[in-house]
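Okay, so here's the structure we're looking at.
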Amino acid sequence: MRLTRFTDNALRCLTFLALREGESVTVTEIAARMRMSEDHLFKVISGLAEAGYVETQRGRGGGVRLNRAPETIVIGQVVRATEESFALVECFDPVSNTCPIAPACVLAGALDRALNAFLEVLDQLTLADLVRQPRKLRTLVA
């Protein structure tokens, strides 16, 4: 499984904001320090704001900051909120499924269990867990 760039950037953005908890940070700074496209980051932040993870303020002195404590932001929930689809294979989507062996396929069930296990592991992590070594992380994005 591969997470989309949108989800990857969302997790990186939240990590950066957790390192600067309580501060308002500009999109330009986040993009530069986390090596992301500023245009893409605007879309990511919009999605994170819509999901309630961040708050934004426009204008001079504006920026983005966490809207919740890092301990309350569950990584599995962020991934679910930012990924467009978890259809690992065609047969996971009944609308577009053309696989002739789908009704008897064992692989689809195994892939579904693997996906659920993947998300269960991420459900055990919070944003606070991702920033347990703040000094080390800060030096990497300084």
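Since every read-out is calculated from the coordinates, none of them should be taken as a lab result. What you see is a predicted model, and the numbers here were worked out from it, not measured in a lab. Here the Cβ is made from the backbone with ideal geometry for all residues, glycine too, and neighbour counts use every protein chain on show.
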Report summary line: Residue span Lys43 to Glu84: 0.36 nm per residue of separation minus Cα-Cα distance leaves a gain in nm of 13.4 nm
Report summary line: Between Thr126 and residues 5 or more places away or on another chain, the pairs with built amide H atoms under 5 Å apart involve Ile75
Query raised in the report: Highest GNM mean-square fluctuation, the chain, Cα pairs closer than 10 Å: which of Arg35, Arg80, Arg58?
Result: Arg58
Report task. For the chain, calculate the relative contact order in percent as a whole number, restricting contacts to Cα pairs under 8 Å that are 6 or more residues apart. Result -> 28
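With an 8 Å cut-off on Cα pairs and a minimum separation of 6 or more residues, tell me the relative contact order of segment 2-71 in percent.
Once divided by the residue count of segment 2-71, the mean separation gives 34 percent.
Can you give the Rg to Rh ratio of the chain, both from alpha-carbon atoms, with Rh computed by the Kirkwood formula? Walk me through the numbers before you get to the answer.
Values: Rg = 17.7 Å, Rh = 16.6 Å.
Answer for the chain: 1.07.
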Query raised in the report: With Cβ to Cβ distances under 12 Å as the rule, what net charge do the other residues near Leu48 carry (K, R +1; D, E -1)?
Result: +2
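Please report, largest first and rounded to whole Å, the three semi-axes of the ellipsoid equivalent to segment 1-77, where each semi-axis is the square root of five times an eigenvalue of the C-alpha gyration tensor.
Working: eigenvalues 63, 47, 24 Å².
Semi-axis lengths for segment 1-77 are 18, 15, 11 Å.
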Requested in this report: Over the Cα atoms of segment 91-142, compute the convex hull volume and normalise it per residue, giving Å³.
Outcome: 134
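For Phe118 and Arg2, calculate 0.36 nm times their separation in residues minus their Cα-Cα distance, and state this gained length in nm to one decimal.
Gain on extension, Phe118 to Arg2, equals 40.6 nm.
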Query raised in the report: Which FRET efficiency value, to the nearest 0.05, do you get for Arg132 and Thr98 by plugging their Cβ-Cβ distance into 1/(1 + (r/R0)^6) with R0 = 35 Å?
Result: 0.15
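What value, in deg cm²/dmol to 500, does the helix sum -39500 (n - 2.57) over DSSP H runs of n ≥ 4 give at 222 nm once divided by the residues of the chain? Intermediate results must be reported in sequence, preceding the final value.
On the way: 7 runs with 72 residues, N = 142.
Calculated mean residue ellipticity at 222 nm is -15000 deg cm²/dmol.
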Report task. Show the residues, 5+ positions off or on another chain, whose built amide H is closer than 5 Å to the amide H of Val54. Result -> Ala49, Asn67
